[in-house]
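Here the structure is laid out as structure tokens; the discussion comes afterwards.
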Amino acid sequence: MNDPRVAQSSFPRISAETLHAYVRAIWEQAGSSPREAELVADHLLAASLTGHDSHGVSMIPRYVASVGDNELKLNLHAKVVRDAGAVLTIDGVKGFGQVIAYEAMELGIERAKRLGICAVGLHGAHHIGRIGHWAEQCARAGLVSFHFVNVAGDPLVAPFGGTDRRIGTNPFCAAYPRSGRPPLVLDFATSAVAFGKVRVAYNQGKQVPPGALIDNAGRPSLEPKVMIEPPVGSLLPFGGHKGFGLASMCEIFGGALSGGFTSHADTLGTNHAIINCMLSVIIDPAAFDAPNAEAEADAFIEWVKASPLASGTERILEPGEAERLTRADRETHGVPVDPTSWQQICAAALAVGMPAEQIERWATHLQ
Ligand SMILES: NC(=O)c1ccc[n+]([C@@H]2O[C@H](COP(=O)([O-])OP(=O)(O)OC[C@H]3O[C@@H](n4cnc5c(N)ncnc54)[C@H](O)[C@@H]3O)[C@@H](O)[C@H]2O)c1
């Protein structure tokens, strides 16, 4: 399979159940209610299981630092600030994104089931992590969804033709549910590579693929250090002007239309934490006069998968399939955690007051 994430399997592994329990224990120790700790553990573990390690349990140290800085507030809930029927505006009140986005989707799902469609504008949530998780929540309820997200006031990506950071890594996500089978889930950052993957390359002394980075002077670079060591450069959007265009619409739909804010001179550095805003459009497919929709979708997927394979390709993957394959591997063999991330997670556990002996007991499960 042509998925580079599988290459990480040489790291020590821990069972999904044990890692989930450890993450839940860390957040309960930090002061989260049992429900909040459970939702955060569900999300972080699911991201790690799907292979998106940059958005999984390795985020714990960053979140603990945000709690310490009083940027991330525990035990808060999504607050509806305007209810216009099929359009909801929700304030994320800088609460735990993993709780706020879950609650925002629950509200949107209920409306979409009742009215056929609901647009949810969520602003000001602390980092909402892997966006596919929210699309999967909608898909479990039998609903189609698409999501435009901005990383408000935290630009890392240069515009097409520009040479400095002006845009967030703004993810786009869309999902299509199918009866009796997993949904199709498209979910990616609009930067050529996610920042977390650049950080991993830096830690491992590796280069990044061509077309992903420019240095501070706007020159193309393969060296991840240009994003870490000052004077810092920028990520590039994926797909040239097309990725730049999609990233811009994520900024405007996600950041502006949701009642939140976009990245510009007045909003730079207004927060240390990662703040996400998201426009989610949730649709009940049964509301269309389209009895053949699922059969047509199936026929299309079957058609594209039957294409003769390019050399070096084992199979053609439908949207979401790479994540499912990684999840199947990790559910069976455990979740690989690199030693640096494990050490940082344990340091975070200590920082929230978990006794050292307890942390050592969790560590014995890593093999
Ligand atoms: N909350 C935030 O602020 C934020 C910001 C940026 C990214 N993210 C998240 O980071 C995660 C990682 O993003 P990314 O850009 O690194 O994702 P990526 O480059 O791994 O792309 C993932 C998408 O491509 C599909 N895919 C992967 N390999 C494929 C193949 N060989 N053939 C066909 N399709 C394939 C996957 O099914 C998935 O839909 C996403 O979950 C995103 O939501 C979050």
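The values are calculated or read from the model by the stated rules, or taken from the named source; none is laboratory data. Keep in mind that what you see is a predicted model, and the values were worked out from it rather than measured. Cβ coordinates were reconstructed from backbone atoms using ideal geometry, including for glycine residues, and neighbour counts include every protein chain displayed. Surface accessibility is based on the protein's heavy atoms, side chains included, excluding ligands, DNA and RNA. Shrake-Rupley method; radii C 1.70, N 1.55, O 1.52, S 1.80 Å.
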Practice item. Hand me the chymotrypsin sites (Phe, Trp or Tyr not before Pro) from region 282-334 located in a DSSP loop with no more than 16 other Cβ atoms within 10 Å, in residue order please. Key: Phe288
Review point. What ratio of Cα Rg to 2.2 N^0.38 Å holds for the chain?
Key: 0.98
Practice item. Can you spot the lysines whose alpha carbon is less than 19 Å from Lys197's alpha carbon? Ignore those fewer than 8 places along the same chain. Key: Lys206, Lys225
Check your understanding: Mean separation of Cα pairs under 8 Å and 6+ residues apart, divided by the residue count of the chain: what relative contact order is that in percent?
Key -> 23
**Study point:** Carbon/sulfur fraction of accessible area - the chain, other protein chains in place, 1.4 Å, %
**Key:** 57
Practice item. Just check region 307-367 against the gyration tensor rule for me: Cα atoms, a ≥ b ≥ c as the square roots of the eigenvalues, rounded for a/c under 1.5, and otherwise prolate or oblate depending on whether a/b exceeds b/c. Key: prolate
Point to revise | Radius 14 Å from Cβ of Val149, net charge of other residues (Lys, Arg +1; Asp, Glu -1) | key: -2
Practice item. With N denoting the number of residues in region 192-236, provide Rg(C-alpha) divided by 2.2 N^0.38 Å, to two decimal places. Key: 0.96
Exercise for review: Give the accessible surface of region 192-236 per residue, rounded to a whole number of Å², with probe radius 1.4 Å and ligands, DNA and RNA excluded.
Suggested key: 54
Revision key, fill the gap. With the charge dipole of region 192-236 built from beta-carbon charges (+1 for Lys and Arg, -1 for Asp and Glu) about the Cα centre, the Cα from Ile214, Met227, Tyr202 projecting farthest to the positive end belongs to Tyr202
Exercise for review: Just subtract the alpha-carbon distance of Thr163 and Arg315 from 0.36 nm times their residue separation and send over the number in nm, one decimal.
Suggested key: 51.0 nm
Review point. Going from the alpha-carbon gyration tensor of region 64-218, what semi-axes, largest first and in whole Å, does one get by taking the root of 5 times each eigenvalue?
Key: 31, 20, 15
Exercise for review: Using 0.36 nm per residue of separation minus the Cα-Cα distance, give me the extension gain between Ala299 and Ile117 in nm, one decimal.
Suggested key: 63.0 nm
Check your understanding: Local charge sum around Ala41 (other residues, Cβ-Cβ under 13 Å, Lys/Arg +1, Asp/Glu -1)?
Key -> -3
Review point. To the nearest 20 debye, what is the magnitude of the charge dipole of the chain about its Cα centre, counting +1 on the Cβ of each Lys and Arg and -1 on the Cβ of each Asp and Glu?
Key: 320
**Study point:** MRE, 222 nm, helices only [DSSP H, n ≥ 4, -39500 (n - 2.57), over the chain, to nearest 500]
**Key:** -11500 deg cm²/dmol
Check your understanding: Out of Phe300, Ala256, Ala25, whose Cα points farthest toward the positive end of the dipole of the chain (charges: +1 Lys, Arg; -1 Asp, Glu; placed on Cβ)?
Key -> Ala256
Review point. Among the aspartates and glutamates, which have Cα under 17 Å from the Cα of Lys79 when same-chain residues fewer than 8 positions away are ignored?
Key: Glu36, Asp91, Glu103, Glu106, Glu110
Revision key, fill the gap. Env charge @ Lys225, Cβ radius under 13 Å, K,R +1 / D,E -1, value -1
Study note, to complete from the structure: Taking 0.36 nm per residue of separation between Thr364 and Ser33 and subtracting their Cα-Cα distance, the length gained on full extension comes to 116.5 nm
Study note, to complete from the structure: For Thr326, the accessible surface traced by a 1.4 Å probe with all protein chains present amounts, in square angstrom to the nearest 10, to 0
